[in-house]
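The values are calculated or read from the model by the stated rules, or taken from the named source; none is laboratory data. Because the structure is a prediction, the values reported are computed rather than measured. In this analysis, Cβ positions are derived from the backbone assuming ideal geometry, glycine residues included, and neighbour counts consider all displayed protein chains.
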């Protein structure tokens, strides 16, 4: 009884956190766009560089992680962190190092990169989830983990959280 309440509470927190994350992404993109509207009047070279930067960061992180023999899950995590951390670090350095009248000129590339980092990360996440779902449908393993949950010896909170629907 207590075990089921614990798992359900975690599941509710997980769902609330997911919704809050989506709201935060939309709010961040909206606030960046409203605060710095000049960034959308950039030449195509700035757009191209800003678009490519997250991919370069993701690729660099993945390659280095594989060189250190991390498994695929850990390598993806390192790649995502490496690709995403460029934007906040750069904006922090610019904001703390330069006077406010210069920041608008210096922050153009990092701001556009930040927009592309957020959108590219969301696109990659949805693509990964779709591919994972398609693979599980093709392999016919959709209901197999749920059957295992009925066995009390194999039941863990992580498994219930992952397969609860």
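Based on this model, can you work out whether residue 80 counts as part of a loop (DSSP other than H, G, I, E, B) and either over 28 Å from residue 38 (Cβ atoms) or within 14 Å of the chain's Cα centre (by Cα) (or both)?
no
Which members of region 76-109 meet the condition of being closer than 21 Å to residue 44 by Cβ and touching a residue at least 24 places away in the same chain (Cβ under 8 Å)?
Scanning region 76-109 gives 86, 87, 104, 107, 108, 109.
Restricting attention to helices (runs of 4 or more DSSP H) lying wholly within region 92-161, give those where 2 or more residues are closer than 19 Å to residue 56 by Cβ and at pLDDT 85 or above.
On the way: elements: 100-106, 108-139, 144-148.
Where helices (runs of 4 or more DSSP H) fall fully within region 92-161 and carry at least 2 residues being closer than 19 Å to residue 56 by Cβ and at pLDDT 85 or above, they are 108-139.
Return the only residue of 70, 89 being part of a loop (DSSP other than H, G, I, E, B) and over 14 Å from the mean Cα position of the chain (by Cα). Spell out the reasoning first.
Details: 89 fails: part of a loop (DSSP other than H, G, I, E, B).
After applying the criteria, what remains is 70.
For region 21-47, how many residues meet the condition of being farther than 21 Å from residue 120 by Cβ and surrounded by 10 or more Cβ atoms within 10 Å (Cβ to Cβ)?
Residues meeting the conditions: 1.
Among the residues of region 18-36, is there at least one that is modelled with pLDDT of 85 or more and in contact with a helix residue (DSSP H, G or I) (Cβ under 6 Å, 6 or more places away or on another chain)?
There is no residue in region 18-36 that is modelled with pLDDT of 85 or more and in contact with a helix residue (DSSP H, G or I) (Cβ under 6 Å, 6 or more places away or on another chain).
For the list (1) over 16 Å from residue 115 (Cα atoms); (2) surrounded by 12 or more Cβ atoms within 10 Å (Cβ to Cβ), I need the number of the one condition that residue 50 fails.
Unmet condition: (1).
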